[in-house]
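Structure first, then comments.
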Amino acid sequence: MATAPAETLAPGEIAKPNTAWIWKTFFVLVGITAVEFVFVFLMKAGTLRNSIFIVLTIFKAFFIVAEFMHLKHETKGLIWTILVPFSLLIWLLVALITEGAYVGEALQNMFS
């Protein structure tokens, strides 16, 4: 528990907990989740809906990492050390899904 400097507290006084950032984080995550639900339930299933859902989920994950793992307070070098491999991993997943769909389509056409 964080305490305030000794000169601002009377002897024996306990510092009031700072929960404002927790509530701010909570409401941001609730808002992003609500937007995800709107897209999931109101849009027709397809690539656009899935892409929007994935982007919002990644944004929510970045926000959680920044707030609760305190990444936003780190140096830029550490942040880039985490973001660059993660972005390359996302690129790899997109490439594998695209190629996998192509191979699946080719195999389906070959055997039908």
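Read the figures in this text as sums done on the coordinates, not as results from a lab. The structure displayed is predicted, hence computed values, not measured ones. Methodologically, a virtual Cβ is constructed for each residue, glycine included, from the backbone with ideal geometry; neighbour enumeration extends over all protein chains shown.
Note down, for the range 1-73, the three equivalent ellipsoid semi-axes (square root of 5 times each alpha carbon gyration tensor eigenvalue), biggest first, whole angstrom. If you can, show how the numbers build up before the last one.
On the way: eigenvalues 321, 31, 6 Å².
That gives 40, 13, 5 Å for the three semi-axes.
The lysines whose alpha-carbon is closer than 30 Å to the alpha-carbon of Lys76, local same-chain residues fewer than 8 away aside, are Lys24, Lys60.
Loop-resident GluC sites (Glu not before Pro) (DSSP state other than H, G, I, E or B) in the range 38-112 with no more than 16 further Cβ atoms inside 10 Å of their Cβ: Glu74.
Between Leu71 and Ala10, the simple spin-label model (points 7 angstrom out along Cα→Cβ) gives 4.4 nm.
A Gaussian network model of the chain, with springs between Cα atoms under 10 Å, assigns the largest mean-square fluctuation among Thr25, Thr47, Thr57 to Thr47. Mean projected area of the convex hull spanned by the Cα atoms of the range 26-107, taken over all viewing directions: 6.7 nm².
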